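Enquirer: Please see the structure below; I have some questions.
The values are calculated or read from the model by the stated rules, or taken from the named source; none is laboratory data. Being a predicted model, the structure only gives us computed values, none of them experimental. Because the Cβ atoms are built from the backbone with ideal geometry, glycine has one as well, and the counts that use them run over all protein chains shown. Surface accessibility is based on the protein's heavy atoms, side chains included, excluding ligands, DNA and RNA. Shrake-Rupley method; radii C 1.70, N 1.55, O 1.52, S 1.80 Å.
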Amino acid sequence: MSSSPALSARGSRLALLVVGLCWLAVLFDGLDMFIYGSVLPHLLETKTFGLTPDQAGDLGSYATFGMLVGALTAGTIADRIGRKKLMVSCVVLFSLASGVCAMADSVAVFGLGRTLAGVGLGGLLPTAISMVSDYAPRGRGAIIIGLLMTAHHAGGILSAYVAKWLVDPVGWRAAFWVCVLPLLFAPVLAKFLPESLSFLVAKGRTEEARELAARYDVELPAAKSDQPGAADRWTNLVNLFRGGEWVQTLLYWLASFGGLLLVYGVATWLPTLMRAEGYELGSALSLVVVFNLGGIVGMLAAGRAADRFGAPRISAIWFALTAVGVFLLSVHMPMSVTMIVVFFTGVFLNSAQTMIYATVSIRSHADNRATAVGWTSGMGRFGAVFGPWLGGQLLAAGNGDWGFTAFALAGLSSMVFIGIAAIRGAGQTPKNSAEKDLISAH
């Protein structure tokens, strides 16, 4: 049934409200994720809690471990309570956890706060992606998801300014108190965000879903009568290792591990490593802003490049360029040149990982696609835990100069793994449209 122009315009405005609310939620997600890296140079210089570089690396890993837990449990919890309630709960959780960090009087309490924040951060992003997919205007799903992902990097930019404006004059705790403010956004989210259409259909609340779909002028998701059970999901996982598929699967997992090690290692340690290279704190935080601006550009541009040249090829090239950029950061250059290098490193780094998921999605069979992408993302999360820890160990051993080199090597390893996987899969026929290319598992 076609919609009238008036209904379409009204539906588009209402859908924009949904996307806008989710964008703000992901913005706060990014702020909370990046704030630790932005205040870390100050924490180390003032020896807060007697913090050492190796302890700082552990603390960075606590949040990413929490994100691993949150990402793996989000789907199960959302299926029980609904995606809207889960999003609100995640915002409340990471906001309150930031309050724990702000009031912490020891490394242990601070670490608990970062772990709990990570659980909320990890659960929110995939849920927000699902929400905007349900309510995106017809034919605009991929663009809307790409737009949503820019919010995470906008949060990174905001974290740098929060640290720059508050840490020196007020103290590091003020930065974490700012991260508590999204708690005020939770009631707004609860009042104005509608429930996920997919959740309503899955729960048999078809009439409610139909009314919402008509109100927002979006397509009603089809009911899945063949929704796989636990046994089917395990069968899908086993299928990833049948015949020669195990080699391809492991290559994707290794590429994802190296990619997220690089992403979260650089996100956590960029300001501190730039300070170690002789830059002032204000300049180091400005580089965080430039890095995340590059991330926004990269997220918007990656899909177009993949459409034209293929996601596997773009992923390999992007990782190679990222490795070059990260390695160059170990060289003290004029500030203007450093800004350019950091910007393009942000462009390639933040979208190279996205192309891994696009590659897996395209090369997977339809009945196994969700399992393949989900497990590739899950294995990559272990790299996200390892990256911040690795940076801390290098600094603690007095090898901070090797930090950028180590992260560059991780990028090269991902380039090799995804490149080999692409060559091995060159004879396969893509099984999915390129609109999946913009879906990120950050």
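Enquirer: Please determine, by comparing only the residues of segment 399-414 that are modelled with pLDDT under 90 and crowded, with 19+ Cβ neighbours inside 10 Å, which one is farthest from Ile356 (Cα to Cα).
Expert: Gly400
Enquirer: If Ser351 satisfies all but one of (1) over 22 Å from the mean Cα position of the chain (by Cα); (2) in contact (Cβ under 8 Å) with a residue 40 or more places away in the chain; (3) open to solvent by less than 60 Å² (accessible area, probe 1.4 Å), what's the number of the condition it fails?
Expert: For Ser351, the failing item is (1).
Enquirer: Let me ask something additional. Of the residues Ala174, Ala160, which is open to solvent by less than 10 Å² (accessible area, probe 1.4 Å) and not β-branched (Val, Ile, Thr)? Working first, answer last.
Expert: Numbers: Ala174 fails: open to solvent by less than 10 Å² (accessible area, probe 1.4 Å).
So the residue among Ala174, Ala160 that is open to solvent by less than 10 Å² (accessible area, probe 1.4 Å) and not β-branched (Val, Ile, Thr) is Ala160.
Enquirer: Let me ask you something else. Being modelled with pLDDT under 90, crowded, with 23+ Cβ neighbours inside 10 Å and hydrophobic (A, V, I, L, M, F, W, C) is true for just one of Ala422, Ala372. Which residue is that? It would help to see each step written out before you state the result.
Expert: Values: Ala422 fails: crowded, with 23+ Cβ neighbours inside 10 Å.
On inspection, the qualifying residue turns out to be Ala372.
Enquirer: Within segment 125-134, does at least one residue satisfy the condition of being of a type in the set (Asp, Glu) and modelled with pLDDT of 80 or more?
Expert: To start, the set of residues in segment 125-134 that are of a type in the set (Asp, Glu) comprises 134.
After this cut, where a residue has to be modelled with pLDDT of 80 or more as well, the list is none.
Scanning segment 125-134 turns up no residue that is of a type in the set (Asp, Glu) and modelled with pLDDT of 80 or more.
Enquirer: Just to check your reading of the model, which residue among Phe348, Phe407 is out of contact with any Ser or Thr (no Cβ under 6 Å at 6 or more places or on another chain) and of a type outside the set (A, V, I, L, M)?
Expert: Working: Phe348 fails: out of contact with any Ser or Thr (no Cβ under 6 Å at 6 or more places or on another chain).
Step by step, each of Phe348, Phe407 is checked, and only Phe407 is out of contact with any Ser or Thr (no Cβ under 6 Å at 6 or more places or on another chain) and of a type outside the set (A, V, I, L, M).
Enquirer: Let me ask another. For the structure I just gave you, tell me whether Leu124 is within 26 Å of Ala352 (Cβ to Cβ), in contact (Cβ under 8 Å) with a residue 60 or more places away in the chain and of a type in the set (A, V, I, L, M, F, W, C).
Expert: Numbers: within 26 Å of Ala352 (Cβ to Cβ): yes; in contact (Cβ under 8 Å) with a residue 60 or more places away in the chain: yes; of a type in the set (A, V, I, L, M, F, W, C): yes.
Yes, satisfied.
Enquirer: Ok, one more. Any idea which of Ala74, Ala97 is closer than 18 Å to Gly30 by Cα, modelled with pLDDT of 95 or more and open to solvent by less than 40 Å² (accessible area, probe 1.4 Å)? First the steps, then the outcome.
Expert: On the way: Ala74 fails: modelled with pLDDT of 95 or more.
Exactly one of Ala74, Ala97 is closer than 18 Å to Gly30 by Cα, modelled with pLDDT of 95 or more and open to solvent by less than 40 Å² (accessible area, probe 1.4 Å), namely Ala97.
Enquirer: Here's another thing I want to ask about it. Look at Ser106 and say whether it is closer than 29 Å to Val373 by Cα and of a type in the set (Ser, Thr, Tyr).
Expert: Details: closer than 29 Å to Val373 by Cα: no; of a type in the set (Ser, Thr, Tyr): yes.
Answer is no for this residue.
Enquirer: Does Thr235 satisfy being in a helix (DSSP H, G or I) and free of Cβ contacts under 8 Å to residues at least 60 places away in the same chain?
Expert: Details: in a helix (DSSP H, G or I): yes; free of Cβ contacts under 8 Å to residues at least 60 places away in the same chain: yes.
The answer is yes for Thr235.
Enquirer: Inspect segment 208-217 for any residue being under 22 Å from Leu24 (Cβ atoms), in a helix (DSSP H, G or I), touching a residue at least 60 places away in the same chain (Cβ under 8 Å) and open to solvent by less than 10 Å² (accessible area, probe 1.4 Å) and give the result as yes or no.
Expert: The answer is yes, given that some residue of segment 208-217 is under 22 Å from Leu24 (Cβ atoms), in a helix (DSSP H, G or I), touching a residue at least 60 places away in the same chain (Cβ under 8 Å) and open to solvent by less than 10 Å² (accessible area, probe 1.4 Å).
Enquirer: Just one of Ile314, Ile362, Ile340 is touching a residue at least 40 places away in the same chain (Cβ under 8 Å), aliphatic (A, V, I, L, M) and either more than 23 Å from Leu250 (Cα to Cα) or open to solvent by less than 10 Å² (accessible area, probe 1.4 Å) (or both); which is it?
Expert: Working: Ile362 fails: either more than 23 Å from Leu250 (Cα to Cα) or open to solvent by less than 10 Å² (accessible area, probe 1.4 Å) (or both); Ile340 fails: touching a residue at least 40 places away in the same chain (Cβ under 8 Å).
Of the residues listed, the single one that is touching a residue at least 40 places away in the same chain (Cβ under 8 Å), aliphatic (A, V, I, L, M) and either more than 23 Å from Leu250 (Cα to Cα) or open to solvent by less than 10 Å² (accessible area, probe 1.4 Å) (or both) is Ile314.
Listed here are the residues, each with its yes/no results for (1) under 23 Å from Thr376 (Cβ atoms); (2) touching a Lys or Arg at 6+ places or on another chain (Cβ under 6 Å); (3) modelled with pLDDT of 85 or more.
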site	(1), (2), (3)
Ala186	no, no, yes
Glu211	no, no, no
Ala214	no, no, no
Lys224	yes, no, no
Gly229	yes, no, no
Leu237	yes, no, no
Glu245	yes, no, no
Tyr252	yes, no, yes
Val263	yes, no, yes
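Enquirer: Taking the residues in segment 317-337 that are open to solvent by 20 Å² or more (accessible area, probe 1.4 Å) and of a type in the set (Phe, Trp, Tyr) as candidates, determine which candidate is nearest to Gly403 (Cα to Cα).
Expert: In this case the residue turns out to be Phe327.
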